[in-house]
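The structure under discussion appears below in the form of structure tokens.
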Amino acid sequence: MRIAPLVIAITTLVSMPSAFAQEMGETPSETMLSKTYQNKTYSPYALRLAQLPPNPTLG
Amino acid sequence: MHTNLSTDAGLAGNRLSPATAYRFARGEEVTSSFGHPARLSRPLDWLVIADHSDGISMIGDMLAGDPDVMAFEQAAKWSKGMTEGGQAAIDTKNDLVKTFSAGKVEPHLVAMYSPGSRKFKRVWEGVIADAEDYNEPGRFSTLIGFEWTALVNGNNLHRVVIMRDGPMRASQVVPMTTTPPQGSPDPRDLWKWMKNYEEKTGGEILAIPHNGNLSNGIMFPLAERWDGFKLDEAYATDRARYEPLYETTQVKGDGESHPYLSPDDEFADFELWDLGNLDGTEVKTNNMLAGEYAREGLKRGLAIEGRLGANPYKFGLIGSTDSHTSLATAGEDNFFGKNSVDEPSPERMSYALKKVGGTPLNSWQNSASGLTAVWATENTREAIFDAMLRKEVYATTGPRMTVRLFGGWDFEPQDINSRLLARIGYEKGVPMGSDLRRRPEGASAPSFLVYALRDPVGANLDRVQIVKGWLDKDGKTHEKVYDVAWSGERSLEKDGKLPSVGNTVDVVNATWSNTIGASELGTLWTDPDFDPAERAFYYARVLEIPTPRWTTYDAHRFGIDTPEGAPTSLQERAYSSPIWYGPQS
């Protein structure tokens, strides 16, 4: 459960445009995501894809 | 979750510490306060212990004969009564509650358990230390928190306060209480305290209100609070910022919807506690209900946003047990009650908890609910907190079903068949808890990708519904519940209703079969009534097929009848957080 998202994260990072990748490591702000979306080259939720959880966490 | 540190829990017989609560939640067997072996068949991933900050640990100290406390005549008397047990303990409990309610506890004794005292700080440091001891990032997370237990004339305004942070930041403060002069029962003062925490420590914090159903109309004010304060933009923005979630279901009743408010919703009458306020001193009237239930709160939020430009009730939906037993049990077949005196026994479902206006609130009405599911990137304090902040969470009434909801403008029918549903959901849309993206030119209506998978060892699913609320051009709010996916070969009837899924519950043997229902349900649903000029929210409600209620399990185990009036079965459910649409989206 902990490994899978990490693998996806690395894959996504490698395949992401460099300008976008530079933002990695920062919390994605809505502003950045909206700006990214405007040119429609890649998904505004690319960062979220890097974090896809396989299951909900229950408590 | 409350432990023996909470005054009311200690009074009701809870002798289990926070450490035991953590051990139980992570899957270990423990011995309950009344001597039962207790264990979860499936551990939880995380736990928030939120003991009442007012009077925290006072009862335990009295029982232990702490000399600081025994110096007070009142405390020494109560300690003696509790230690004697039997009728003396019952009399002591009643006397203690009465004295507290009347505000007649010796002021220096109150001060000893309030901010500013060394003892209060030491207790808080113990709370933090226990959380730290049991926090195992990646396996089991413990979030540091407490309950701010405000009561206004018996009306419930409780909030669970949760920190994102560890000991370095949490130990720079002590919890806020509600008793003046050290504390305040005003939520606006709580938000000031939270703001101060964030500024002082650089940490992050949120508060989750619960049991609006026992607030007698004051949980979600529309224009004016109980004290005459008129809602303004600052109130709306502060509340939205510090209270991103609402606890929609728990042991003291379900608070999603009410039949009076939602007469067309045949599932609105679920595990209700609607006789009066929290302490039973005021009977509830119908005009109070709109200020109490989550769906109506969400609708009021749209109306206030239309008026003030900010929505105070833009909250996601979660569930909790609020157990006072240190045992986080939300399952019907493994329910350890609200208080330790309600641990499994032949007597626990056949007495009145209290009388409200002459009508008994019965012990069988305790509800074995609920859980919070968070779409966190990993099982850590920080990731769980972050998921809560962005409202990517949902409530269940106990079962562990998986629920996904995404909203967008570009989904295609085949998207629901993808095995990478979340990938498509994030790419083309937004997840639960979000605002829809700006409406593209020419887009007619938003679509919602909704998917539910049953609890792997639980019951099949009956149906998935989308609940929509909206604000019309005249400033009136409306709601509609759409059946969007269902099991079997059923068709919508002329009145738009879906026939019942049926009921396989064997009451005598307290079991059921998955011969009806579906293991998974999903669809792409497009709003047929969308008006781009109207603010709206959409959330998913997922219903299981009927299964036995905890009272039915008890009747089977103890060879007794179910109490008169208690349903023998129920349809457990999940509530997703909403997705909002605004004309500016």
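Give me the distance in nm between label points sitting 7 Å out from Cα along the Cα-to-Cβ direction at B:Glu198 and B:Asp264, one decimal.
Inter-label distance under the simple model: 3.8 nm.
B:Ser41 versus B:Glu84, label points 7 Å from Cα toward the beta carbon: distance in nm?
About 4.4 nm, to one decimal.
Rounded to two decimals, what ratio of Rg to Rh does segment B:143-295 give with C-alpha atoms and a Kirkwood Rh?
Working: Rg = 16.2 Å, Rh = 16.3 Å.
Value, to two decimals: 0.99.
Suppose R0 equals 56 Å. What FRET efficiency, 1/(1 + (r/R0)^6) with r the Cβ-Cβ distance, do B:Thr515 and B:Val283 give to the nearest 0.05? All intermediate terms of the calculation are to be shown ahead of the outcome.
On the way: r = 44 Å, r/R0 = 0.78.
Working from the Cβ atoms, E equals 0.80.
Before rounding to the nearest 500, sum -39500 (n - 2.57) across all DSSP H runs of length at least 4 in the protein assembly as shown and divide by the residue total; then give [θ] at 222 nm in deg cm²/dmol. Don't skip to the answer; put the middle values down first.
Values: 19 runs with 175 residues, N = 644.
Taken over the protein assembly as shown, the calculation gives -7500 deg cm²/dmol.
Calculate I(q)/I(0) for segment B:400-581 by the Debye formula, one identical point scatterer on each C-alpha and no solvent, and give its log10 at q = 0.12, 0.19, 0.20 Å⁻¹ to two decimals.
After summing over all Cα pairs, the log10 values are -0.64, -1.22, -1.30.
If the label point is 7 Å along Cα→Cβ of B:Ala64, which residues in segment B:1-38 have backbone nitrogen under 11 Å from it?
B:5
Any idea which of B:Gly559, B:Ser434, B:Thr201 is furthest toward the positive side of the dipole for the protein assembly as shown, if Lys and Arg beta-carbons carry +1 and Asp and Glu beta-carbons -1?
B:Thr201
Please list, by residue number, every one of the GluC sites (Glu not before Pro) in segment B:1-110 that is coil in DSSP and has at most 12 other beta-carbon atoms within 10 Å.
Here the sparse-neighbourhood loop sites are B:Glu29.
Report the charge-dipole magnitude of chain B in Debye, nearest 20, computed about the Cα centre from +1 at each Lys and Arg Cβ and -1 at each Asp and Glu Cβ.
Details: 62 positive and 82 negative charges, 149 e Å.
In total the dipole reaches around 720 debye.
Once you average over the residues of B:376-387, how many Cβ atoms of partner chains fall within 10 Å of each Cβ?
4
Round to the nearest 0.05 the FRET efficiency obtained for B:Phe558 and B:Lys355 when R0 = 30 Å and r is the Cβ-Cβ distance.
It comes to 0.75.
What dipole magnitude, in Debye to the nearest 20, does segment B:58-112 give about its Cα centre under +1 on Lys/Arg Cβ and -1 on Asp/Glu Cβ?
Around 200 debye, computed over segment B:58-112.
Straight-line reach from B:Lys121: which aspartates and glutamates fall under 13 Å, measuring Cα to Cα and dropping same-chain residues less than 8 apart?
Once the sequence-local aspartates and glutamates are set aside, what remains near B:Lys121 is B:Asp54.
At a Förster distance of 41 Å, what's the computed FRET efficiency of B:Lys473 paired with B:Ser101, Cβ-Cβ distance as r, to 0.05?
According to the calculation, E is roughly 0.30.
Give a residue-ordered list of calculated ³J(HN,Hα) values for segment B:379-386 (Karplus: 6.51 cos²θ - 1.76 cosθ + 1.60, θ = phi - 60°; whole Hz; x for Gly, Pro).
So the J values, rounded to whole Hz, are 8, 9, 3, 5, 5, 5, 4, 4.
If I take the Cα coordinates of chain B and project them onto the principal axes, what are the three extents in Å, biggest first?
Its Cα atoms span 75, 56, 48 Å along the three principal axes.
Positive end of the dipole of the protein assembly as shown, charges at C-beta (+1 Lys, Arg; -1 Asp, Glu), about the Cα centre: which of B:Ala328, B:Ala373, B:Tyr293 has its Cα farthest in that direction?
B:Ala373
Give me the base-10 log of I(q)/I(0) for the protein assembly as shown at each q in 0.07, 0.10, 0.11, 0.12 Å⁻¹, Debye formula, one uniform scatterer per Cα, rounded to two decimals.
-0.43, -0.91, -1.12, -1.35
About the Cα centre of segment B:311-417, how large is the charge dipole given +1 on each Lys and Arg Cβ and -1 on each Asp and Glu Cβ? Please answer in debye to the nearest 20.
Working: 10 positive and 13 negative charges, 102 e Å.
Dipole of segment B:311-417, to the nearest 20 debye: 500 debye.
Positive end of the charge dipole of chain B (Lys, Arg +1 and Asp, Glu -1 on Cβ, about the Cα centre): tell me which of B:Thr99, B:Trp148, B:Asn362 has its Cα farthest that way.
B:Trp148
Helix B:233-242: angle to the longest alpha-carbon principal axis of chain B, degrees 0 to 90, nearest 10?
Relative to chain B, helix B:233-242 is tipped by roughly 80 degrees.
If the cut-off is a Cα-Cα distance under 18 Å, which lysines reach B:Lys299, setting aside same-chain residues fewer than 8 apart in sequence?
Result set, ordered by chain and number: B:Lys314, B:Lys391, B:Lys468, B:Lys473, B:Lys476, B:Lys480.
How far apart, in nm, are the 7 Å Cα→Cβ label points at B:Lys480 and B:Ala129?
Going by the 7 Å Cα→Cβ label model, 5.9 nm.
Return the loop-located GluC sites (Glu not before Pro) in segment B:499-585 (DSSP other than H, G, I, E, B) with at most 13 other Cβ atoms within 10 Å of their own Cβ; answer none if there are none.
Details: sites: B:Glu520, B:Glu534, B:Glu544, B:Glu564, B:Glu572; in loops: B:Glu534, B:Glu564, B:Glu572.
For GluC sites (Glu not before Pro) across segment B:499-585 that sit outside H, G, I, E and B with at most 13 neighbouring Cβ atoms in 10 Å, the list reads B:Glu564.
Setting aside same-chain residues fewer than 8 positions from B:Lys119, which aspartates and glutamates have a Cα under 12 Å from its Cα?
B:Asp61, B:Asp66, B:Asp68
We did not get these values from a lab; they are worked out from the coordinates using the rules stated. Worth saying up front: this structure is predicted, and the values here are computed from it rather than measured. Here Cβ is always computed from backbone atoms with ideal geometry, including for glycine, and neighbour counts include all displayed protein chains.
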